[in-house]
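What follows is a single structure, and I will ask about it in a moment.
Rule-based calculations on the coordinates, nothing more; no lab input. The model shown is predicted, which means the values in this text are computed figures rather than measured ones. Cβ placement follows ideal geometry from the backbone for every residue including glycine, while neighbour counts extend to all protein chains displayed.
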Amino acid sequence: MFELISQYPLIAALLALVSLGAVFGAVLGFAAVRFKTEGNPIAEQINDLLPQTQCGQCGYPGCRPYAEAIAGGEAINKCPPGGEAGIQALADLLDVEVIPLDEEHGEEKVKAVAFIREDECIGCTKCIQACPVDAILGAAKQMHTVIASECTGCDLCLEPCPVDCIDMIPQQESLQTWHWPLPDPASGESRIIATDATPTQDRAA
Amino acid sequence: MRKIFDFHGGIHPPENKRQSQQGGIRDAGIPPELVLPLSQHIGAPAKPTVAVGDRVLKGQMIAEANGFVSVPVHAPTSGTVSAIEDRLIAHPSGLPAPCIVIASDGLDEWTELAGISDYRQLPKADLLNRIREAGIAGMGGAGFPTAVKLSTRPGSQVATLIINGTECEPYITADDILMRERPGRIVEGVKILQHLLAPGETLIGIEDNKPEAIAALRAATAGSNIEIVVFPTKYPSGGEKQLIEILTGKQVPSGGLPLDIGVICQNVGSVAAIADAVLLGQPLISRITTVTGEAVREPGNFSVLLGTPMNYLLARAGFQPDRNRRLVMGGPMMGFTVADAGVPIVKTSNCLLAPSEAELPSPPPAQACIRCGMCEQACPASLLPQQMFWFAQAREFEKLEQHKLFDCIECGACSWACPSNIPLVQYYRASKAEILQLRREHEKSEQARLRFEARQERIERDEAEKVAKRAARKLAAEKRAQEAATGGGETDPIQAAIDRARAKKAAQQAGDAADTNPRDKLEKAVTSTRQRLETASAKLAQAEAEGSDLVAALQTGVDKTRARLEAAEQALRDFTAAAEEAPLQETPVDPAAAAIARAIAARASEAALDPAEKSRKQLAALEQRLEKTRARLAASQGAGEEQKIIDALESSVSLLEEKVSAAKQQLNNPEGV
Amino acid sequence: MALMRVTSPHAHGPMSTSRVMQNVLLATIPGIIALSHFFGYGTLVNLAWACIVALACETLALALRRRPIGFYLKDCSALVTATLLAIALPPYAPWWLIAVGIACAILLAKHLYGGLGYNPFNPAMAAYVILLISFPVQMTAWAPPRGLEQLPGLMASLQACFTPGAYDGVTMATPLDLMKQNNSLLIADLYAQTPQFGRWAGLGWEWVNLAFLAGGAWLLYKRIFSWHAPVAMLASLSLFAAVFYDGGSSASGGSPLFHLLSGATMFGAFFIVTDPVTSAVSVRGRLVYGAMIGALVYIIRVRGNYPDAVAFAVLIMNFAAPFIDNYTQPRTYGHQSGGSEK
């Protein structure tokens, strides 16, 4: 055996490489099993980033189905409520390119809350059945109302209403939600450090 | 001699306190109109307890605390409530907020006050309640409800009571003048707090740039167990956390309260207000406000009624509006600009700064950050401001939190020291708010997700239940059939079924007989509808008499009820006629057969009904709805209602118009149906 | 007139970036005087020419980047870069060497990275290293100090700069070169035999270093920067020199005093290491940053290929600054420990 090896150095090298490969392979294989990290399934992580309006504008019945579809390779730009920020977050998570929002599925709008004009409501319960988050209270032949704090602004109750008595009221800035904006280098007195002047800004200036 | 500790960083801006130190405390007088915001403190806004038109007396509660972290509001003088509405308030946003407006009558008539001299007899809970009812909120600038701060958890021991007389911000002398002129009041307040909290030691912390205040308080506290601690002047030593470190050497844990390390801190102004509230029964209705800056001719300290418009107060100090471009509530380091000079003085207004342009020039454009580290040397919280600036610029929120953004107290020392004039504090404020908003949104979406999932689950469960029920019924039927087949061998199952059906029918007939006569039913409906119409008409008449805006709504209600009554009467008439026509049909007919016959007749009539006729009917209904909506739109426009309602109505009108035209088309082109 | 709406603080301190830069410029004056005294007009000619080129380069870069030129020229940072590079270059350097150096500093090391505040490397030192690698002959041609040779006059200095071919200057090895090349003499003998060594660390050099020390001390007094980085650098350099001094054998790297007062030690400590843009930011970070530079300076001087080492040491540590920052976060108020716990 030794003679064979010493006579044919090629065999020696082959043997050495194969045994090294076997040993490291075994170590790596063991480590992969032993130190396996139970990561959050990717669909779960995607679902966390979606706005959970359950509006179905993406063409899927709710946010989780869309999250699963994204995990399966669906485009990330079909969620208007999530907007550009949502696409950015998804792109960061999945390490893909940021693409503009798909206009087919609607456009990013100001957050709104549904409001039922109560004297016009006929109590048909159709909106209650449509609401994906059970944010509408009411019973048959009784006036319905929206729990504003639970409403996701998904617009799904507008279509079924037979008397068109639901309005989407855009959320307004209040003392509680107001805050100083980040200093805007491109405006006002600090305009001078609008350093990365884009051609459009140049024309404006 | 007590050991004085130092805190990291700090700056020494020009003090500019001398201007406003002259002339003692002046009275600002009673303005013709007082505007009292319902939220002058941190926490839930107070709830009004008066109505427009009410006469109120000085010191009377006009809004009550709404929750635990909330304080009431009192009338600062006697007068009439002229409005309860949104007004501009002292807030950096320049947004309006609900306020109670009082037109003063100049009589300054006090409500009945109940002071107590021997507060030691009072249970502590009552004493605390008195402080809460007096509407006292931290007067140093933050406005945290004092009673909440004083309600210690049972079992927690207060080792050190610190009275904050530091007033480290430039320009402000309100606390200084209070300590100089009313040291006795402060000491009485401190004694009340000592009784309430039983602290191990009581310290009054004062910066060494207020020798007169120190002397006055030393004289007033002689012989008591209150210690006056004097320490070197440095901004921001008046910050609660910094003061605690100076006096005790301990640091308040991040995210915790001073009480966690056995310390309670109170501003001298709040302490004096506590003395007034307990001993005299006077609620917090006025405060000492420094009016200073080069744009006022006679700067000084004023005793101001809360709710006094700032321009009224400024006029008292010789305001020169043409020299002034910004009006700051608070000091030059942490104060904020107000959007309008007419906003009212509130519980937290310790200073009104009207600088000239030369005194506090407009911020020059920011230069590049050269990472010089001057901000880091100035930061009293030992943060790395320049690093946080880069992260804030890049909106790297995770990194910001990792750099302890939320430990920033927004004292402004970094911005003050920055040689490149970068508005650092604004970057931190904006980033903090944005992070909080993201957190809130995430919480909300999480909530929505849970609700959505719960709903999905419920729907599935219902579905599964239905399926299960159906299966069970099927199973039972099969079982019965089997039983019939096996158990009663001699009985024919079909015969049994027929028997069951017969028995059922018999029972039904018996029930029908017991049931009320249909004629009675109809009559009852007519009478009840008539009754409803009567009450509605009465209401309408009353509304008309009062000129209420509900008239229109009531009118439609009455009309609807009348229509219903007519329909009910018609139905009754029809029934009677039918009954007279075919009296024989009444009893023996099998109800099941009748129902089938009715259904057949209905189908026949429907079939007989021309499709065009059907469309026409639909069109008529649509047109009616369109008419109604149009009328509402016109009414809304006439009444000048909110734009969004009008918009919504307009859109529904156009929607209906579309539907009408579609229906018309269908009518003209019936083959296409 | 509507009232202004701005965030607090409304007051601002007296310090401004231009003033910081102007103070740095003022603080170089003693060093420049000492250099001119010992090495003649060459440094002044360097300085004047470097400033002209720097302003031109800065203007060009700002114009190309469409920035407001006046606003950015006002911050004097280009002049500071020019001054520092002019001091670091050998006197009587040819005009093109200086021009290339300044162009590298302003265009490459500064504006290509985004301008003032964004450059990861000290522009003056980056340019110095580029020149040293590209033109080693011109970059190591130091004139002999006063006392050893006749210094050229003003006209000769200008000639040396602008018509380099026509000027035939004398150059001489610097004390650092001599120390490195020495492998046979005891330090004491080396000092005795070679007049360039002067009393402590090199004729002229010792006074130049003391002059820069004076300028640096003034900056510290004015609180333009904190003491941490320069003191840490000088301390670690002295420590290394003391540990490896071995009493002055022929293999010795030189005494601590020699290292403190020769070459660009003081200039580097107070004008290069303190450059805030490219150094670490926290107090602890600056201590680490300075100490590492001191150690590297000694190692490169004694073991490396080039006689002086400040530029290389600084550039290497510029790389490391963000890393140091990440691990030297100070303990924030109310927290148990600092650092970026992850």
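Mind sorting C:W142, C:W95 by how few other Cβ atoms lie within 10 Å of their own Cβ, fewest first?
Values: C:W142 21, C:W95 18.
Listed from fewest to most nearby Cβ atoms, that is C:W95, C:W142.
Same structure, new question: Hey, what's the Kirkwood Rh for region B:150-258 if you take every pair of different alpha carbons, in angstrom? All intermediate terms of the calculation are to be shown ahead of the outcome.
Details: mean 1/r = 0.0690 Å⁻¹.
So the Kirkwood estimate lands at 14.5 Å.
Among C:Y327, C:Y221, C:Y128, rank each residue by its count of other Cβ atoms within 10 Å, from fewest to most, as a rough exposure measure.
Ranked by crowding around the Cβ, least crowded first: C:Y221, C:Y327, C:Y128.
Between beta-carbons, use under 11 Å as the cut-off and find the net charge around B:G24, counting Lys and Arg +1, Asp and Glu -1. All intermediate terms of the calculation are to be shown ahead of the outcome.
Working: positive: B:R26, B:R180, B:R182; negative: B:D27, B:E181.
In short, +1.
Another one. For labels at B:I42 and C:F323 in the simple 7 Å Cα→Cβ model, what's the distance in nm?
4.2 nm
Looking at B:S156, B:A28, B:H195, which one has the Cα that reaches farthest to the positive end of the dipole of chain B (charges on Cβ: Lys, Arg +1; Asp, Glu -1)?
Of the options given, the answer is B:S156.
Would you list the P(r) distribution for region A:110-171, with all Cα-Cα distances sorted into 5 Å bins from 0 and each bin expressed as a whole %?
Calculated P(r), rounded to whole percents: 4, 22, 35, 26, 11, 2, 0.
Once amide H atoms are built 1.01 Å from N in the peptide plane, which residues 5 or more positions from A:A112, or in another chain, come under 5 Å H to H?
Hits under the 5 Å cutoff: A:Q171.
If you don't mind, there's one more thing I want to ask. With charges only on Cβ, +1 for K and R and -1 for D and E, what is the dipole size of the protein assembly as shown about its Cα centre, in debye, rounded to 20?
Values: 107 positive and 126 negative charges, 481 e Å.
Computed charge dipole of the protein assembly as shown: roughly 2320 debye.
So how far, in whole Å, is the C-alpha centre of region A:1-71 from the one of region A:89-142?
Spelled out, the Cα-based centre of one part sits 39 Å from the other.
Taking only the C-alpha atoms, wrap a convex hull around the protein assembly as shown and report its volume per residue in Å³ as a whole number. Display every interim value, and only then the final one.
Details: hull volume 454.2 nm³, N = 1220.
Hull volume normalised by residue count: 372 Å³.
Remind me, relative contact order of chain A in percent, using alpha carbon pairs under 8 angstrom and six or more residues apart?
Numbers: 236 pairs, mean separation 28.6, N = 205.
Computed over chain A, the figure is 14 percent.
With unit charges on the beta carbons (Lys and Arg positive, Asp and Glu negative) and the dipole taken about the Cα centre of chain C, which residue among C:I133, C:Q22, C:Q196 sits farthest to the positive side?
C:Q22
So what are the ³J(HN,Hα) numbers for region C:277-293, from phi and the Karplus equation (6.51, -1.76, 1.60; θ = phi - 60°), rounded to whole Hz, Gly and Pro as x?
4, 9, 9, 5, 9, 7, 4, 5, x, 5, 4, 5, 4, x, 4, 5, 5
Another question about this same structure. Could you give the size of the charge dipole of chain B about its Cα centre, using +1 on the Cβ of each K and R and -1 on the Cβ of each D and E, expressed in debye and rounded to the nearest 20? Walk me through the numbers before you get to the answer.
Numbers: 78 positive and 85 negative charges, 226 e Å.
In debye, rounded to 20, chain B gives about 1080.
Considering Cα pairs under 8 angstrom that are at least six residues apart, work out the relative contact order of chain B and quote it in whole percent. Each step should come with its number before you reach the end.
Details: 1071 pairs, mean separation 84.3, N = 673.
Worked out over chain B, it gives 13 percent.
What base-10 log of the normalised intensity I(q)/I(0) is obtained for region C:1-149 from the Debye formula, alpha carbons as equal point scatterers, at q = 0.21 Å⁻¹?
-1.30
Further question: Which one, B:N324, B:Y171, B:A51, projects farthest toward the positive side of the charge dipole computed for region B:18-337 from Cβ point charges (K/R +1, D/E -1)?
The one lying farthest along the dipole's positive direction is B:Y171.
Amide H of B:V56: which non-local residues (sequence gap of 5 or more, or other chain) have their own amide H closer than 5 Å, using H built in the peptide plane?
Close amide H contacts, sequence-distant or interchain: B:G79, B:T80, B:V81.
Exactly which trypsin sites (Lys or Arg not before Pro) in region B:295-330 are in a DSSP loop and have at most 16 other Cβ atoms within 10 Å?
Numbers: sites: B:R297, B:R316, B:R323, B:R325, B:R326; in loops: B:R297, B:R325, B:R326.
Listed in order of number, the matching sites are B:R297.
Can you figure out the FRET efficiency of C:A173 with C:Q193, using R₀ = 22 Å and their beta-carbon distance, to the nearest 0.05? Numbers along the way, then the final one.
Working: r = 13 Å, r/R0 = 0.60.
Once the sixth-power term is evaluated, E becomes 0.95.
If I model a spin label as a point 7 Å beyond the Cα along the Cα-Cβ vector, how far apart are those points for B:S156 and A:L137 in nm?
In this crude spin-label approximation the distance works out to 3.4 nm.
Quick one: if the Förster radius is 41 Å, what FRET efficiency do B:A315 and A:Q172 give, using the C-beta to C-beta distance and rounding to 0.05? All intermediate terms of the calculation are to be shown ahead of the outcome.
Numbers: r = 34 Å, r/R0 = 0.83.
The value I calculate is 0.75.
Hand me the trypsin sites (Lys or Arg not before Pro) from region C:109-210 located in a DSSP loop with no more than 13 other Cβ atoms within 10 Å, in residue order please. Mind dumping the intermediate values first?
On the way: sites: C:K110, C:R146, C:K180, C:R199; in loops: C:R199.
Taking region C:109-210 and a limit of 13 other Cβ atoms within 10 Å, the loop trypsin sites (Lys or Arg not before Pro) found are C:R199.
Once Rh for region A:41-105 is found with the Kirkwood sum over Cα pairs, what is the Stokes-Einstein diffusion coefficient at 37 °C and 0.692 mPa s, in µm²/s? List each step's numbers first, then the result.
On the way: Rh = 11.3 Å.
Using the Kirkwood radius from Cα pairs, D works out to 292 µm²/s.
According to the Cα gyration tensor, what semi-axes, each the square root of 5 times an eigenvalue, does the equivalent ellipsoid of chain B have, listed from largest to smallest in whole Å?
Semi-axes from the Cα gyration tensor: 74, 33, 30 Å.
Collect residues whose amide H, placed 1.01 Å from N in the peptide plane, falls under 5 Å from the amide H of B:I228; neighbours closer than 5 in sequence don't count.
Amide H neighbours of B:I228: B:I204.
For chain A, just the Cα atoms, rotate onto the principal axes and tell me the three extents in Å, largest first.
Principal extents (largest minus smallest coordinate, Cα): 102, 58, 32 Å.
In nm, to one decimal, how far is the B:A468 label point from the B:A553 one, both placed 7 Å along Cα→Cβ?
Each label point lies 7 Å from its Cα, and together they span 4.5 nm.
Would you please state which residues of region B:615-631 a label at B:E566 would reach in this model, taking the label point 7 Å out along Cα→Cβ and a backbone N cut-off of under 19 Å?
From region B:615-631, the list is B:620-625, B:627-628.
Next question. In deg cm²/dmol and to the nearest 500, what is the mean residue ellipticity at 222 nm of chain B if only DSSP H runs of at least 4 residues count, each as -39500 (n - 2.57), divided by the residue total? Mind showing how you got there, number by number?
On the way: 19 runs with 316 residues, N = 673.
One gets -15500 deg cm²/dmol as the mean residue ellipticity at 222 nm.
On a C-alpha basis, how far is the centre of region B:289-314 from the centre of region C:67-121 in Å? Whole number, if you could?
52 Å
To continue, here is another question. Mind sorting B:K617, A:K36 by how few other Cβ atoms lie within 10 Å of their own Cβ, fewest first?
Working: B:K617 12, A:K36 8.
Exposure proxy ranking, most exposed first: A:K36, B:K617.
Run the numbers for B:E657 and B:T527: contour at 0.36 nm per residue of separation, minus the present Cα-Cα distance, in nm.
42.9 nm
Okay, next question. Evaluate the charge dipole of region A:41-105 about its Cα centre and quote only its size in Debye, nearest 20, assuming +1 on the Cβ of each Lys and Arg and -1 on the Cβ of each Asp and Glu. Numbers along the way, then the final one.
Values: 2 positive and 11 negative charges, 47 e Å.
Around 220 debye, computed over region A:41-105.
GluC sites (Glu not before Pro), restricted to region B:353-397: which are DSSP loop and have at most 14 other Cβ atoms within 10 Å? Walk me through the numbers on the way to the answer.
On the way: sites: B:E357, B:E359, B:E376, B:E396; in loops: B:E357, B:E359, B:E396.
Loop-located and lightly packed - B:E357.
Taking a ≥ b ≥ c as the square roots of the Cα gyration tensor eigenvalues, with a/c under 1.5 meaning rounded and otherwise prolate when a/b beats b/c, else oblate, which class fits chain C? List each step's numbers first, then the result.
Working: a/c = 2.07, a/b = 1.27, b/c = 1.63.
Cα axes put chain C in the oblate bin.
List the longest stretch of chain B that has no exposed loop site; here a site is one of the chymotrypsin sites (Phe, Trp or Tyr not before Pro) assigned by DSSP to anything other than H, G, I, E or B, with at most 16 other Cβ within 10 Å. Provide the component values of the computation, followed by the final result.
Details: sites that count: B:F5, B:F68.
Formally, the longest exposed-site-free interval is B:69-673.
Per 5 Å bin, what is the whole-percent P(r) computed from every C-alpha pair distance within region B:11-153?
Calculated P(r), rounded to whole percents: 2, 9, 14, 17, 18, 16, 12, 8, 4, 1, 0.
Among all cysteines in chain B, which have no other cysteine Cβ under 4.7 Å from their own Cβ?
So far as the 4.7 Å Cβ criterion goes, B:C99, B:C168, B:C265, B:C351, B:C369, B:C372, B:C379, B:C408, B:C411, B:C418 stand without a partner in chain B.
Kirkwood Rh over alpha-carbon pairs of region B:76-167, then Stokes-Einstein at 25 °C and 0.890 mPa s: what D in µm² s⁻¹, rounded to an integer?
Details: Rh = 17.1 Å.
The estimated diffusion coefficient comes to 144 µm²/s.
A further question follows. Taking the Cα centre of each part, how many Å lie between region C:258-313 and region B:365-437?
A separation of 29 Å, based on Cα centres.
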